[in-house]
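*Asks:* The structure is given below, and queries will be raised subsequently.
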Amino acid sequence: MIPMPNPTFSQSLRVLTSCFMGLSSLFICTEQSSAQGFNQAAHFTVLKYEHRFFIRTDLTFDWELVIERQALSNEGVLVIGKYSQVFNAGLEDVQLQEAYTLKADGRSIAVRSDGVQRQKGMAAAGVGFSWPEGEILQITFPDVQAGDRMRLVLKGRNFKTPLPGWQAVRESISHVVNFEHIYIRVEAPQELDLQVGAHQLALESFQSGKNKVWEIKGSSKASMLDGGALNIEQTRPYWMFSSMKHWERFGQTFAQAFAGRLVDNPRITTLAAQITGDEKEPAAKARKLHTWVRQNIRYVAVYLGVGGWVPHDLDWILENRYGDCKDQSLLLIALLRAAGIAAHPVLLRSQADHDLPDLPGPWFDHCIVYIPELDLFTDTTATQIALGALPYADSDKPALLARLQAPSELLRTPSFKAQDNRALVQSNWQIFKDGSARVQLNIETWGQMAFWLQERLRQIPENMREATLARWLNESGVRGAGKMQFSPLQTDRQWQDLRITADVRDFLPDPEAGAIPANPTVGSVGVYILSNLGNVSPDKRQHALACTPHAIREEFTLRFADDFHILRAPGSMKISTPEGIRFEQMLETKGQQITGWRDYAQDRATHTCSPQEHAARQPALSKIWRHLRSSVLFTRN
């Protein structure tokens, strides 16, 4: 898997199958720029964006790209002053036809020969990808100032398909900049039965001799995304073509290419027997094989030839002891098969998109494994996730089961269940006469919440636990010191605990009188109900948002010294909605002590809420949010 470019990056203008042959790249050719920002519409505009394709019967094609942009500010100059075209030299060739700066006074200044550079091959450290056939064509424009325009014309020839019989292009229009003129023209022989679609752009088609022509026209205004927006790629303007009508056919094509690497191999047979030993049960065998792959084959992405879509040979993977998601999936499937357990590759998109485009294009970016006999999915690249569970990015996603000896199938990966993704938070606060306090906090987590907590704890060296706790307290607006303890982090089960004991100075801003929460929180622990309610804004939304199923129970005691008098405490409350929200709080006040508990569950079948679902949920969430923020009022005698 290769990290996606930032979707808010203003230069994510082009999506092209032939330019990047990696599963998670979505084949996006982005023009890199130093301009960072929430929205670039104030700094530059795209005056013209024209893309023409002529496709042949063998699915190779020629294309021409014309871009004209204008800088509106000095920051915009940084954006349009340089252009980078990334492509796969193993699939296509790209040539610069013309490039020049159009000055505001009418002068035209052509790009000099030393303003055009080509970089062959790409490499990165760590988990970054290495791409020997990747190539970058970079154009630097001369004398660009605010008010000037840039014109660029590129031509390319795609001479090879990513997979046999499959060719697809998808272009997505960035939401952070204005496009005044968009024109796409696709021409292909009628016999190809090419599939073309568009969203928020006008699409027309007509015959031209033996060819069919599609014209896509429109413009696009910059817009602000909703907070926490999901499914962005399906809501912004885009267009695409594909040589295939159905995802299932694409799945069969991928499965055939994948199966070509899944050959009988004595090394695999021997290794599988060594790993499984005397185990007889399929589940026990699968667990040992899964553990071995994720512990011995580290994640490294190296793309050679069609390596973006086809895994390396088994011997290559075993010799190097590394590989990307397809390589790890291939090895695990081969080992499982050698142990008598059938398994198949599954393609999905790990980005924040939970809907699938109608046409099979460059969409999937990740490969995992499905084991039918155990009815479970597993992701070997998620080294901290137990067998039988999936990380958040893989869960509740449209997926393509690429069966190796049977038809492929579109399905959806399992979503979380609230009862399995939960936390128990128990706290005991003792408040002293001088306004200081002592807290004992015990936390237990299960499911994804346990994984999240483990990820937090994994970053804390043993000799820095006390310093980390002091920082957490400081993030709560108080100063203090204490100790934290937790059980050893285990990746074979999704459970984790955390125990904290701390003395807090100046816990009460004014010991004479004031207000504090009924269950004060400790900094960045992040497992409290209030920090997991999600978006409670009443604003109307345009995009979906995350509504991940989870459940949290808080049990708490708040005891004041005898010198204090409790004037008021929040009351009890109970809410249950058809949208799967359940909340209940019970509090009891006796003298200087408040004892209470809260239960919150967000129980639903999916991980996303549509704008309409959010609107239906918002009144209940807002009521819960206000209730959780209500305070205990106190005074000192």
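*Asks:* Taking loop as defined by DSSP and a crowding limit of 14 other beta carbons within 10 Å, which trypsin sites (Lys or Arg not before Pro) in the stretch 461-512 fit? Don't skip to the end; give the middle numbers.
*Replies:* On the way: sites: Arg465, Arg471, Arg479, Lys483, Arg493, Arg499, Arg505; in loops: Arg493.
Filter output for the stretch 461-512: Arg493.
*Asks:* Go through 171-183, 267-279, 613-625, 220-232 and give me the packing order, highest mean Cβ count within 10 Å leading.
*Replies:* On the way: 171-183: 19.8, 267-279: 14.8, 613-625: 17.9, 220-232: 16.4.
Sorting 171-183, 267-279, 613-625, 220-232 by mean packing, highest first, produces 171-183, 613-625, 220-232, 267-279.
*Asks:* If we count every other residue with Cβ under 15 angstrom of Pro520's Cβ, Lys/Arg +1 and Asp/Glu -1, where does the sum land?
*Replies:* That sum, taken over residues with Cβ under 15 Å, equals +1.
*Asks:* Still on this structure: Between the helical axis of 448-458 and the dominant principal axis of the chain, each derived from Cα atoms, what acute angle in degrees is found, rounded to the nearest 10?
*Replies:* Roughly 90 degrees, rounded to the nearest 10.
*Asks:* Give me Rg/Rg_expected for the stretch 71-122, where Rg uses Cα atoms only and Rg_expected = 2.2 N^0.38 Å with N residues. Kindly include the intermediate steps, with their values, before the conclusion.
*Replies:* On the way: Rg = 13.9 Å, N = 52, 2.2 N^0.38 = 9.9 Å.
Relative to the 2.2 N^0.38 Å estimate, the stretch 71-122 comes out at 1.41.
*Asks:* Under the Karplus relation 6.51 cos²θ - 1.76 cosθ + 1.60, θ = phi - 60°, what is the ordered set of whole-Hz ³J(HN,Hα) values for the stretch 269-281, x standing for Gly and Pro?
*Replies:* Result, rounded to whole Hz: 4, 5, 5, 4, 5, 5, 6, 7, x, 8, 4, 10, 6.
*Asks:* According to the Kirkwood expression over distinct Cα-Cα pairs, how big is the hydrodynamic radius of the stretch 162-216, in Å?
*Replies:* About 13.1 Å for the stretch 162-216.
*Asks:* Also: If you average over every viewing direction, what projected area does the convex hull of the Cα atoms of the stretch 475-542 give, in nm²? Please report the intermediate quantities before stating the final value.
*Replies:* Details: hull surface 32.6 nm².
Projected area, direction-averaged: 8.2 nm².
*Asks:* Follow-up question, since we're still on this one. Would you kindly give the portion of the calculated P(r) for the stretch 582-637 that falls above 13 Å, as a percent of all Cα pairs?
*Replies:* 73
*Asks:* Can you pick out the pairs among Lys48/Lys245; Lys48/Lys212; Lys48/Lys210 whose Cα atoms lie more than 27 Å from each other?
*Replies:* Lys48/Lys245; Lys48/Lys210
*Asks:* Binned at 10 Å from 0, what are the whole-percent values of the Cα-Cα distance distribution for the stretch 419-506, short to long?
*Replies:* Reading the bins upward from 0: 17, 45, 29, 8, 1.
*Asks:* Ok, one more. Given all pairs of different Cα atoms, what value in angstroms does the Kirkwood hydrodynamic radius of the stretch 43-158 take?
*Replies:* Mean inverse Cα-Cα distance, inverted, gives 15.4 Å.
*Asks:* Bin width 5 Å, alpha-carbon pairs only: give the P(r) of the stretch 482-637 as whole percents, running from 0 to the bin holding the largest distance.
*Replies:* Whole-percent P(r) values from 0 Å outward: 2, 7, 15, 17, 16, 15, 12, 9, 5, 2, 0.
*Asks:* Among all the lysines, which ones have a C-alpha under 23 Å from Lys285's C-alpha, if same-chain residues fewer than 8 places away are not counted?
*Replies:* The reachable lysines, counting only those whose Cα sits under 23 Å from Lys285, are Lys326.
*Asks:* Enter the Cα centre distance for the pair the stretch 471-521 and the stretch 313-376, rounded to the nearest angstrom.
*Replies:* The two parts, judged by their Cα centres, are 41 Å apart.
*Asks:* Read phi for every residue in the stretch 163-174 and hand back ³J(HN,Hα) as whole Hz from Karplus 6.51 cos²θ - 1.76 cosθ + 1.60, θ = phi - 60°, with x for Gly and Pro.
*Replies:* Once θ is set to phi - 60°, the couplings for the stretch 163-174 become 9, x, x, 10, 9, 8, 9, 9, 10, 10, 8, 4 Hz.
*Asks:* Using the heavy atoms of the protein chains and a 1.4 angstrom probe, tell me the accessible area per residue for the chain in square angstrom.
*Replies:* Here the residues of the chain average 42 Å² of exposed surface.
*Asks:* What would the Debye formula give as log10 I(q)/I(0) at q = 0.14, 0.17, 0.20 Å⁻¹ for the alpha-carbon point model of the stretch 538-621, no solvent?
*Replies:* -0.62, -0.76, -0.89
*Asks:* What list of ³J(HN,Hα) couplings, whole Hz, do you get for the stretch 574-585 from phi and the Karplus terms 6.51, -1.76, 1.60, once you set θ to phi - 60° and write x for glycine and proline?
*Replies:* 8, 9, 9, 10, x, 7, x, 8, 10, 9, 8, 9
*Asks:* In whole Å, how far is the Cα centre of the stretch 528-584 from that of the stretch 191-264?
*Replies:* Answer, in whole Å: 43.
*Asks:* Also, I was wondering about something else. Could you work out the helix-only [θ] at 222 nm for the chain, with each DSSP H run of four or more residues adding -39,500 (n - 2.57) and the total divided by the number of residues, to the nearest 500 deg cm²/dmol?
*Replies:* -5500 deg cm²/dmol
*Asks:* Out of all Cα-Cα pairs in the stretch 330-377, roughly what percent, to the nearest whole number, are more than 13 Å apart?
*Replies:* Counting pairs separated by more than 13 Å, the tail of P(r) holds 62 percent.
*Asks:* Taking the highest mean first, how do the peptides 53-60, 574-581 order by number of other beta carbon atoms within 10 angstrom per residue?
*Replies:* Top of the packing list down: 53-60, 574-581.
*Asks:* Turning to a different aspect of this structure: Once the chain is represented by equal point scatterers at the alpha-carbon sites, with solvent omitted, what log10 I(q)/I(0) does the Debye formula produce at q = 0.09 Å⁻¹?
*Replies:* Values, matching the q order: -0.88.
*Asks:* When the Cα atoms of the stretch 321-458 are enclosed in a convex hull and the volume is divided per residue, what value in Å³ results?
*Replies:* Details: hull volume 22.2 nm³, N = 138.
Once divided by residue count, the hull of the stretch 321-458 is 161 Å³.
*Asks:* Tell me, rounded to the nearest percent, the portion of alpha carbon pairs in the stretch 198-283 spaced more than 22 Å apart.
*Replies:* 65
*Asks:* Among 69-76, 546-553, 456-463, how do they line up by average Cβ neighbours within 10 Å per residue, starting with the highest?
*Replies:* In decreasing order of mean packing, 69-76, 546-553, 456-463 become 546-553, 69-76, 456-463.
The values are calculated or read from the model by the stated rules, or taken from the named source; none is laboratory data. Quick caveat, the model's predicted, so the values are computed rather than measured. Every residue, glycine as well, gets a Cβ built from its backbone with ideal geometry; the counts of neighbours run over all protein chains shown. Side chains are part of the model used for accessible areas, which takes the heavy atoms of the whole protein and leaves out ligands, DNA and RNA. Shrake-Rupley method; radii C 1.70, N 1.55, O 1.52, S 1.80 Å.
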